[in-house]
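Presented below is the structure to which this report refers.
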Amino acid sequence: MDARAFCSASRVVVVAGKGGVGKTTVTAALAVMAARAGLSVLVVEVEGKSGLASAFGKPELGYHEIELHPGITARFLTPDEALVEYLEDHGLSRISRRLARTGALEVVATAVPGMKDILLLGKVKQLEQDGTADLVIIDAPAAGHAVSFLLSPQGLLDAVHAGPIRKQAAEVVEMLHDPARCRVLLVTVPEETPVNELVETAYAIEDRAGVSLGPVLVNGCYPETDLPTSPAEIQELAAAADVFVSDREADDLAAAAAFRSRRGAIQAAQIERLADRLPLPQIRLPFVFAAGLRTADVELLADALEAGVGTLTPVPG
Amino acid sequence: MTADAPVEALEQIVRSGHVVICAGSGGVGKTTTAAVLAVEGARRGRNALVVTIDPAKRLANALGLDTLSDTPHEIDRALWGAASAPRAPSDGGPGRLSALMLDTESTFDHLVTRYAETPEQAQRILENRFYRNVAGALSGTQEYMAMEKLHELHEEGAYDLIVVDTPPTRHALDFLDAPNRITRLLDNRIFRLLMMPTRAYMKAVSAGVQRFLRIVARVVGSEVIDDVVAFLRAFEGMEDGFRERAAVVLALLSDPHTRFVLVTSPRRDAIDEAHYFAERLTETDRGVAAVVVNRVHPPFGVEQPEGLRARAETLDALSASGPAGRRRAAARLAAAYRNLADLRSIARAERDHLEGVRERIGGAPVAFVPYLDRDVHDFDSLAEVGRVLFSG
């Protein structure tokens, strides 16, 4: 499958995963891949500061779109602002200011479970239908919350029986249930706890929220290597290659290789376990040897993502 | 109050701390760190309790927390007091270790039952739909109930060391705000108006407010407003109790025996979050007792990655020609150099991010836990982390 086809499969893509697995990293890489394929991309952040803007060397996101990278814009969404906008669009601008000022949204949002999520998803649906961008990527709330985030429109339909909010919820549910409009990409790292949580989240999203899942993105994978893991072996190689390696350096090389092999073995086992427990295609993204994301790293990850997408078989139809 | 070296600081925390709050962003090992501190406290003779919010399944199983329960459960000493931690001194006699997994809704229910004037009032509230939403979904309820439970455990005085894992929010400091948020909700003007007894309510509520409520009802449906009003009527007389309670819980956070341990990973975003949290603590006159940095890559020597990469390239050149055996050896050696360069780069980047962390977060001692070969989800691995933290 080529990158353009992959990125055009649905206009909305929700990127979800447990905290610390690199959701924002994957969001950034996906945006870059789509932009390279000639699509216009809008990234929407819904929860707190995420480091997305800083990965592109830009200041914090605001409620208005800013350009992060050629072809990629990004913005932040908050329930309060989405509510004000919603009410203004429905000819209720006076009440909207009042709601915001009195903090009544907190009361209303408490009265209606999932109200805030509906406001956010309603806004996303509006962006989708306006054709603001070819691809709208949502950097979703952390894993457990992602499920309730996607479930809340359905829950709201059960709780509220009339009114525009119900209509809004019904339209959002329609979007979420249509694989040609919205998909979820789950992100994990090849470690035990994140893999367990990913499997649970995957089943909850598909079975309970009824949203389709794209391939699983396994982030932070060490490329497979066969390295010499003892100082003696290093010295043998040095002798065979006819170069000098100091004992201290041989120790460092061996220790680093042993570390890498151990982690590689753990990862391989977890990747296999994930494949056993979840019948979804996997795309592996390499471990980035840096402790914070930079634009160059995002480009590298976009390359890897593109390569991974290339191995997927297109779904007929 | 804080000791300089991380080992001493952590010793002091588990030996003399009463309430220890582990805070940090998601996925940095907060629950594990909380469990380690409680285990180490118990090993030092204290009657320790770890309160977790959302532990990973296997760690929960290890702690005997298979089901949500509102009451702490004691863990058999044979499981945690074993010889796996030979260094752990136990000068105060044998300690005890218990664990508790917070159940937000039932904690809130107990609170309602406890403060209601009559069982009927409690019943009316517990059955109200709006209340169920408040108990289950109000942002900050989980955080607030964690503090509530903490306060209850503190008052009961059954444990001398209570280590609390904070909820997995992206914003680590949401829980500091939680008691305030409840108070704000109760203080909301609309709320105050709705709280008035029926007749006074009709008089005081201006035409403007009535119009406002009608519009709100039009947007979200009138049954929502009905639920809220019914809830508020049922809640009447209890809100002052809640308000006072929130104030007491807030005060516990400022108690000198309450210690904050920041947990982070060496990644930039997590460190930034820890820094932000530390600033907020300092603003409110609370200090950070220690910082635990989990999953730190080992340094693997002192060489610069650039030099190592250059070495790998020289070996690449060697591997391009000459006898087959020599070519193979040079290629394999080049791969080893590249790997060392990669790991040195990450170690250096982590070191750069951690540089100045201590100064940035108010001078608290910083302890490091290296990347371990396995997931921490049993007492052996908790002991392994404990050894790292408590023997430097």
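The values are calculated or read from the model by the stated rules, or taken from the named source; none is laboratory data. Computed from a prediction, not measured in an experiment: that's the story for all the values here. Virtual Cβ from ideal backbone geometry, glycine too; neighbours counted across all protein chains shown. We work out accessible area using only protein heavy atoms, side chains counted, and drop any ligands, DNA or RNA first. Shrake-Rupley method; radii C 1.70, N 1.55, O 1.52, S 1.80 Å.
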Checklist entry - Where does the charge balance sit around residue A:130 when Lys and Arg score +1, Asp and Glu -1, over other residues with C-beta under 13 Å from its C-beta? => result -2
Checklist entry - Within region A:163-198, whose backbone N sits under 16 Å from a point 7 Å along Cα→Cβ of residue A:1? => result A:178-187
Item to check | Net charge of neighbours whose Cβ lies under 14 Å from the Cβ of residue A:161, counting Lys and Arg as +1 and Asp and Glu as -1 | outcome: 0
Checklist entry - If Lys and Arg each add +1 and Asp and Glu each add -1, what is the summed charge of the other residues whose beta carbon sits under 11 Å from the beta carbon of residue B:158? => result -4
Checklist entry - Where in chain A are the helices, taken as whole DSSP H runs, whose Cα atoms extend 27 angstrom or more along the long axis and whose Kyte-Doolittle mean reaches at least -1.0? => result A:247-277
Next on the checklist: If you count only protein heavy atoms and use a 1.4 Å probe, how large is the accessible surface of residue B:257, to the nearest 10 Å²?
Outcome noted: 100 Å²
Item to check | Theoretical ellipticity at 222 nm over chain A - DSSP helices of four or more residues, -39500 (n - 2.57) apiece, nearest 500 | outcome: -17000 deg cm²/dmol
Checklist outcome for this item: FRET efficiency (residue B:285, residue B:5; Cβ distance; R0 25 Å; to 0.05) is 0.55
Checklist entry - Any number yet on Rg/Rh for chain A, C-alpha, Kirkwood? => result 1.06
Checklist entry - In region B:345-392, if every C-alpha pair distance is counted and binned at 5 Å from zero, what percent goes to each bin? => result 5, 17, 20, 19, 20, 14, 5
Next on the checklist: If I ignore ligands, DNA and RNA and count only protein heavy atoms, how much of residue A:272 is accessible to a 1.4 Å probe, in Å² to the nearest 10?
Outcome noted: 120 Å²
Checklist entry - To the nearest 10 Å², what's residue A:63's accessible area with a 1.4 Å probe? => result 40 Å²
Checklist outcome for this item: Between residue B:70 and residue A:303, the FRET efficiency computed from the C-beta separation at R0 = 60 Å comes out, to the nearest 0.05, as 0.70
Checklist outcome for this item: Charge dipole of region A:209-311 built from unit charges on the beta carbon (Lys, Arg +1; Asp, Glu -1), centred at mean Cα; most positive-end Cα among A:229, A:256, A:309 is A:309
Checklist entry - Which FRET efficiency value, to the nearest 0.05, is calculated for residue B:152 and residue A:242 with the Förster distance at 60 angstrom and r the Cβ-Cβ distance? => result 0.25
Item to check | Listed peptides A:222-234, B:375-387 by packing density, highest first (mean Cβ within 10 Å) | outcome: B:375-387, A:222-234
Checklist outcome for this item: Sorted list, accessible surface of protein heavy atoms, 1.4 Å probe, largest first, for B:73, A:90, B:297 is A:90, B:73, B:297
